[in-house]
Amino acid sequence: MIRGLRGAITIESDKPELVWDETARLVREVVAANNVEVDDIASIVISATPDITSAFPARAVRLMDGWQYVPVMCTHEMDVPNALPLCIRVLIHANVEVAQKDVKHLYLNDAVKLRPDLAQAK
C-alpha cells in the first residue's frame with residue numbers, strides 16, 4: 001500500500017551546495033528509516049521556504065545514483081509569519097508494508113521544532 005513518508009531539514013544558509021546536500025541527506029535518511037527501495041517510490045514532493053532561492057532541492061534527488069526515474073516536484077512552502085526559516089520538507093509516496101502509525105518521519109537539524117512529538121520518538 002502507498003504511505004506518505006514525511007521529513008524536514010533546515011540549512012544554515014541559502015547556498016546551492018547546502019540545498020542539494022541536505023536534501024539528499026534527508027531523502028536518504030527517510031528512505032533508510034522506512035526500509036524503502038527506490039523502486040518502491042511512486043513520487044516525491046519537495047517544498048522549500050521562500051528564503052531558499054539559490055537552487056531547486058529536487059535536483060538533489062534527480063542526481064542521486066539510480067533515482068533518475070523517480071518523479072520529483074518542487075514547490076514553495078507557504079510564507080507564514082514566524083515560520084521556521086531555511087527549511088526543506090519532503091513528502092515521499094512509497095509502497096510500504098507497515099501501518100500508518102509505524103511509518104518513521106524524520107525531522108533533522110532545527111526542523112525538530114516542527115514536530116517534536118515525532119522527532120523525539122526516533
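The values are calculated or read from the model by the stated rules, or taken from the named source; none is laboratory data. Owing to the predicted nature of the structure, the values given are computational and were not obtained by experimental measurement. Surface areas here come from the heavy atoms of the whole protein model, side chains and all, with no ligands, DNA or RNA. Shrake-Rupley method; radii C 1.70, N 1.55, O 1.52, S 1.80 Å.
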Please give the calculated 222 nm ellipticity per residue for the chain, where each DSSP H segment of at least 4 residues contributes -39500 (n - 2.57) and the sum is spread over every residue; nearest 500 deg cm²/dmol?
-6000 deg cm²/dmol
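Quick one: accessible area per residue over the chain, 1.4 Å probe, rounded to a whole number of Å²?
Solvent-accessible surface per residue comes out at 57 Å².
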Labelled set (1) 13.9, 42; (2) 19.1, 65; (3) 13.6, 38; Rg and Dmax of the Cα atoms in Å computed from this model equals the value at (3)
Counting only DSSP beta bridges with both partners in the chain, the antiparallel fraction in percent, to the nearest 5, comes to 65 percent
In whole percent, the fraction of accessible protein surface over the chain that belongs to carbon or sulfur atoms, probe radius 1.4 Å, stands at 53 percent
